[in-house]
2 protein chains.
Amino acid sequence: MTVEEARAAFPVLERIAYLNAGTFGPLARSTLEAIRFRHQRDLEQGRSGADYIEDMHGLRAEVRARLATLLRVDAQRVALVRSTSDGCQVVLAGLRLRPHDEIVTVEGEHFGLLGPLRVTGARVVVASPHREAILAAIGRHTRLLALSAVMWTTGDALQLRELKEETGLPMLVDGAQSVGAIDVDATPFDFHTVSGQKWLCGPDATGGLYVRDPEALDVALPSYFSQALFRPDGSFDPSDGAARFDSGWIPPASLAGLLAALDAAPEWRFERTRIMAARCREALGERFDVVTGDEHAGLVSWRANGDSSAVVTKLYERGVVIREIPGTGLLRASCGYWTNEDDLDRLVTGLSA
Amino acid sequence: MTVEEARAAFPVLERIAYLNAGTFGPLARSTLEAIRFRHQRDLEQGRSGADYIEDMHGLRAEVRARLATLLRVDAQRVALVRSTSDGCQVVLAGLRLRPHDEIVTVEGEHFGLLGPLRVTGARVVVASPHREAILAAIGRHTRLLALSAVMWTTGDALQLRELKEETGLPMLVDGAQSVGAIDVDATPFDFHTVSGQKWLCGPDATGGLYVRDPEALDVALPSYFSQALFRPDGSFDPSDGAARFDSGWIPPASLAGLLAALDAAPEWRFERTRIMAARCREALGERFDVVTGDEHAGLVSWRANGDSSAVVTKLYERGVVIREIPGTGLLRASCGYWTNEDDLDRLVTGLSA
C-alpha cells in the first residue's frame, strides 16, 4: 500500500489538512461502510435473536484479539472499554486505594486520568514529567504510577519501560496518544489503556484496557459482561480473564467499524508517523517555539504567537485542523501515517498568513 | 398519526413480529437516517473543529431537555449516561455507602442494578417484590431503596410513588422498562434512570439519569464533562447541575439518532402500549401460566411449556422475536405502541405449533 493509496481511504483528506488524530482520527470509507452494514441489519432484522447475540460476541472476541495483538499481549488480559477514561476509572476504582496511599502522576495529564485518580481518595502527587522528578516523587506510600505514554499537551514520549524497571511499582499507562501512533509493547506494565477513536481511526466510544493480572484487581465497576453467574444480592462469579473488566455495551456497529479501521492501517504506519511528526517538528521549529522534544510520537506542540484559540479558528477557515491545549498557550498538530508534505505546507503557510 | 403510519416507520415490523423492546426497541428509518447524516459529516469533514464541538454540545443540550420533558423534571437535574447500568453505577458510587449501611432491593432485579449495588460494600437486603415485603425489609440502617419501576422478569409494575411517600427513604428507580412504555413522573424520586435503546427506540449505548439534588451526590465517576475547571492533582469544580454526572462520550450520531427516535413516537404511545400489553396478557392467559399481574407496562411474561430456550428459537425461526429470562423458565414478550393484533396472533400461533 502506498501513501497515496492509504490517504485515499480517508475522504476528509481530500479537502482538509486534518491534523487532529490526537482528538479523533480521520474515518476511512471502509469503517463507515462496516458501521452502515451493521446498522442496516439492525434496522431490518431487529437487534435481537440468536444470530444477533452470536455476532455481538464474535465481534467482541475479534476486537479483543486484535487489540491484544496491537499491544503484544494475550487476549485474555484485554478488556473492552468505551474510552481510555473508562479504562482508567476501572483500574483506579478496582485498586481500592486508601487516603494514606499515594499515586504519582505528572503535570499536564488529561482529566480522563486525573479525575479518576482524584476520586480514589488517595493522595495525588504531581511531578514534573521527567524521569528524575518522577523518581524523586516516589515515597514509601506510593502504590501506583499513573502516566500517559505520550503527553497530550507537549507530545513528549516518556520512557516508561525504564521507569517500570527502575521502580518495580505498579504502573497504569494511559495509551491515548501512543497506541496506533507508535509501536507499543504493554507487557511490562500492569495496566495499559487503548483509545479506538484516536490513532486507530475507529468509531467514537471504543477502546481497550490491558490488565496483566486480572485476578489481582477488584471488579469495582461491574457491567453485565463482568459476571459469569450472579445471585439475587448481586454477588457474582467474575467472567474469565480481563473480560470481567469489560465496561458497558459497545454497539456491534462500532465494534465492526473498529475492526475495519484496524484493517485499513498499513504495516508501515509507525515508521511513517514518526517521519511525518519529525518533519512537522522541523518545519515548525524554523519559525516557532516547538515544545515537543526528540522523543515523540505523532503529536507536535508549539507556543502560539498571540491568542491560540484565534489561530485555531484562522486555520480551520483555511481547511487546516489542529487544536489548542486550553490554558497553556500551546497549539498541537497530530501527524499520522496518512499525513503528507502538502498537509504540513498548508499548516506552515496558514500559520504564517 | 395512525397505528399503521406509526408501524410503517419500523422496517423490522414488515416481516417480523418483533416483541423484544425490553431488550432493544425497533429502529425507525428516520433514526438511522439521522445517524447516517452525522456519520457522513464525520467522514467528510472530520470529527473536529468549532462547528463539530458546537453541534455536539447542542445535541447534548437537546437530548437532556427532551429526556427531562419525558420524566417531567428540570433539564438541570438530568445527566446523560450510556445506559441504565451506567446511571445506577454513578448513583451508587456517589453515595459513598459503608459496610454497615443497608440497601433494600427486590428479587429478580437485573445485574445492571445489582452489580453496582453489591460493589458499594453496603449490605444488600433482598425482599420479595411486593409492598409489604419491601416495607418489612427496611430497617434503621437502610440508606436507599433501589428498585425497578417495572420488573424485567415478571413485567410487574411496582407502586413506587406510594413506597416513597410511605418511607421517605432515598430511592433509586431503574426506569429501564418503564420510560417510554408508560407515562413517568420522576419528580418524587431521588434518582431515576432512562434507557435510550429500549422503549424509546434509540441507538444503543444512550440513556439518562435524573438526580433530584445534584449538589448532594458525590461525583465519584467523573468524566471530562463532569468538570468546569480542574487542577493538576485532579481536583475540580463540578459542572453545573446534573451535567456533572454525565458519563463518558456519547457519539453525536447516537445523540442525533435518539432525538429522531423521540420525534417518531406518537402522542398516544402510552395508551396504546397499555392496551396491546393487556391484550397480549389476555391472549396468552387462555393457554399459558401468565405471571404478569394487573399492574404492568409493556412486558408480559409467562411460564414456558418445556425448555424456554427452545421455544425462543422455534419462534425466532417463524419470525417472532421474544426472549427468555435465564434461570426462571419464563418467556417474555414486549408490546409497544407499534404492536398490532397480527403480531400477537403470530405469537400465540407460534407458541401453539
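The values are calculated or read from the model by the stated rules, or taken from the named source; none is laboratory data. From a predicted model like this one, the values you see are computed outputs, not experimental measurements. All Cβ positions, even for glycine, are placed from backbone atoms using ideal geometry, and neighbour counts span all protein chains on display.
Taking the criterion of being away from chain B (no Cβ under 13 Å) and either within 12 Å of residue A:86 (Cα to Cα) or part of a loop (DSSP other than H, G, I, E, B) (or both), the residues of the range A:205-218 that qualify are A:208, A:209, A:212, A:213. Against the definition (facing chain A (nearest Cβ under 8 Å), of a type outside the set (A, V, I, L, M, F, W, C) and more than 19 Å from residue B:164 (Cβ to Cβ)), how does residue B:235 come out, yes or no? Answer is yes for this residue. Among the residues of the range B:69-91, are any of a type in the set (A, V, I, L, M), away from chain A (no Cβ under 13 Å) and part of a loop (DSSP other than H, G, I, E, B)? Yes, the range B:69-91 has at least one match.
Evaluation of residue A:155 against the conditions (1) closer than 26 Å to residue A:302 by Cα; (2) surrounded by fewer than 18 Cβ atoms within 10 Å (Cβ to Cβ) shows that the sole unmet condition is (2). Taken over the range A:184-202, residues that are in contact with an Asp or Glu (Cβ under 9 Å, 6 or more places away or on another chain) and part of a loop (DSSP other than H, G, I, E, B) amount to 4. From the list B:194, B:173, B:184, the lone residue that is in contact (Cβ under 8 Å) with a residue 60 or more places away in the chain and within 16 Å of residue B:85 (Cα to Cα) is B:194.
Here residue B:75 clears all of (1) closer than 30 Å to residue B:170 by Cα; (2) surrounded by 22 or more Cβ atoms within 10 Å (Cβ to Cβ) except the condition numbered (2). Which one of B:221, B:258 is more than 11 Å from every other protein chain (Cβ to nearest Cβ) and of a type in the set (A, V, I, L, M)? The match here is B:258. Consider residue B:67 carefully, then state whether it is at pLDDT 95 or above, in the same structural domain as residue B:253 (by TED's automatic domain parsing), of a type in the set (A, V, I, L, M) and touching a Pro at 6+ places or on another chain (Cβ under 8 Å). No.
Looking only at the range A:19-35, residues that are buried (at least 19 other Cβ atoms within 10 Å of the Cβ) and not in a loop (DSSP other than H, G, I, E, B) come to 4 in all.
Scanning the range B:21-53 for residues that are of a type in the set (D, E, K, R) and within 20 Å of residue A:11 (Cβ to Cβ) returns B:33, B:36, B:38, B:41, B:42, B:44, B:47, B:51. Cβ separations smaller than 9 Å between residues 6+ apart or across chains give the following pairs from the range A:39-52 residues that are more than 7 Å from every other protein chain (Cβ to nearest Cβ) and part of a helix (DSSP H, G or I) to residues that are surrounded by fewer than 17 Cβ atoms within 10 Å (Cβ to Cβ) and modelled with pLDDT of 95 or more: A:41/A:55. Each residue in the range A:102-143 was checked for being within 14 Å of chain B (Cβ to nearest Cβ), surrounded by fewer than 22 Cβ atoms within 10 Å (Cβ to Cβ) and acidic (Asp, Glu), and 2 pass. Is it true that residue B:316 is surrounded by 15 or more Cβ atoms within 10 Å (Cβ to Cβ), hydroxyl-bearing (Ser, Thr, Tyr), at pLDDT 95 or above and within 30 Å of residue B:61 (Cα to Cα)? Criteria not met by residue B:316.
Scanning the range B:338-353 for residues that are part of a loop (DSSP other than H, G, I, E, B) and within 30 Å of residue B:262 (Cβ to Cβ) yields a total of 3.
Filtered by the rule that a residue be in contact with a Lys or Arg (Cβ under 7 Å, 6 or more places away or on another chain) and buried (at least 22 other Cβ atoms within 10 Å of the Cβ), the range B:207-225 gives B:207, B:210, B:211.
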